[in-house]
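Quick notes on the structure that follows.
The values are calculated or read from the model by the stated rules, or taken from the named source; none is laboratory data. Everything quoted here is computed from the prediction, not taken from an experiment. Reconstructed Cβ throughout: ideal geometry from the backbone, glycine too, with neighbour counts over all protein chains shown.
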Amino acid sequence: MGHDVTLPERSRGVIALREESCTSCMVCARECPDWCIYIDSHKETEPATAEGARPRTRHVLDRFAIDYALCMYCGICIEVCPWDALFWSPEYDHPSTDVLGLTHERDTLGVWMRSVPSRPTQTG
Amino acid sequence: MADVTIEWGHTFHLRVLDVGLACCAVEFAAAAARGADMAALGARPFAPEPREANVMVISGTVTDKLAPHVKRLYDEMPAGSYVMSFGSCANCGGPYWDSYSVTKGVDQMIPVDVYVPGCPPRPEALLGGLALLNDRIAADLRAAP
């Protein structure tokens, strides 16, 4: 936004979503102290792939949004996610002229995944 | 025409009144300490009194008890002043959205021009907010007849 700031790559600016890892299990939304995560999903039935097998039901994500006006950036959602779908991204700078503009949908949360650093090297 | 002149006068001449009510005020002070960065955006922090300021930055939790005083500060500022809501509490109550005593967003009393998210926002996020405010003032100028 017109000024250059160099931050550590693991600084905790905003929470990003890796959508393909999300199973709509709602653990993050339920553990959130602020209830600032909104998830909608529906069930789809996949036909049986082998003879004698049963059809499988799975959740499909319809909406994943985080209200950053409400979020207290505690990172509990990232800690509890059983599927490693949520990550800290260093992109802190997203002010808005409208309070509704602080609710970010899954496409924006997905774009922030690009600035998430890779896994730390295991040492020792 | 007078409005346009006032708007032009405000462009990159932001005199900031800090309404520091809770922990976000510490981040505001950290940003203000980087005087050169603030000056690059044409902003000067810590206006001595409301009538010498044209931007109000509300950083921290506004309680219902304190809300009338925040409103009074806004009323004492010159007409056409801007308001920045800094941090989750000022944006919409933040972690205290379910509280009996906290105002659920400062925009319930006074019009807010820029919302900066964070709990607290980084000091640099204040600079980002000021940059957005400058853009908005410039856009208002261009839109003026």
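Of the candidates B:L126, B:L141, the single residue that is surrounded by fewer than 24 Cβ atoms within 10 Å (Cβ to Cβ), touching a helix residue (DSSP H, G or I) at 6+ places or on another chain (Cβ under 6 Å), touching a residue at least 24 places away in the same chain (Cβ under 8 Å) and not acidic (D, E) is B:L141. Considered as a group, the residues in segment B:61-113 that are acidic (D, E) and either touching a residue at least 60 places away in the same chain (Cβ under 8 Å) or not in a helix (DSSP H, G or I) (or both) include one that is surrounded by the most Cβ atoms within 10 Å (Cβ to Cβ), and that residue is B:D113. Residues in segment A:52-71 that are crowded, with 17+ Cβ neighbours inside 10 Å and either within 15 Å of the chain's Cα centre (by Cα) or touching a residue at least 40 places away in the same chain (Cβ under 8 Å) (or both): A:L61, A:F64, A:A65, A:I66, A:D67, A:Y68, A:C71. For segment B:108-145, taking the residues that are facing chain A (nearest Cβ under 7 Å), within 11 Å of the chain's Cα centre (by Cα) and not hydroxyl-bearing (S, T, Y), the one that is nearest to A:L70 (Cα to Cα) is identified as B:V116.
Conditions (1) of a type in the set (F, W, Y); (2) out of contact with any strand residue (DSSP E or B) (no Cβ under 6 Å at 6 or more places or on another chain); (3) at pLDDT 95 or above; (4) in a helix (DSSP H, G or I), marked per residue:
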position	(1), (2), (3), (4)
B:R15	no, no, no, no
B:E27	no, yes, no, yes
B:A36	no, yes, no, yes
B:A47	no, no, no, no
B:R51	no, yes, no, yes
B:V57	no, no, yes, no
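Taking the conditions exactly as written (in contact with a His (Cβ under 9 Å, 6 or more places away or on another chain), hydrophobic (A, V, I, L, M, F, W, C) and in contact (Cβ under 8 Å) with a residue 40 or more places away in the chain), does A:C25 satisfy them or not? So A:C25 fits the description; yes. Of all residues in segment B:76-96, those satisfying the criterion of being at the interface with another protein chain (Cβ under 8 Å from one of its Cβ atoms) and either more than 21 Å from B:D135 (Cβ to Cβ) or out of contact with any helix residue (DSSP H, G or I) (no Cβ under 8 Å at 6 or more places or on another chain) (or both) are B:S88, B:C92, B:G93, B:G94, B:P95.
Taking strands (runs of 3 or more DSSP E) as the structural unit, no element lying wholly within segment A:16-124 holds at least 3 residues that are modelled with pLDDT under 95 and within 14 Å of chain B (Cβ to nearest Cβ).
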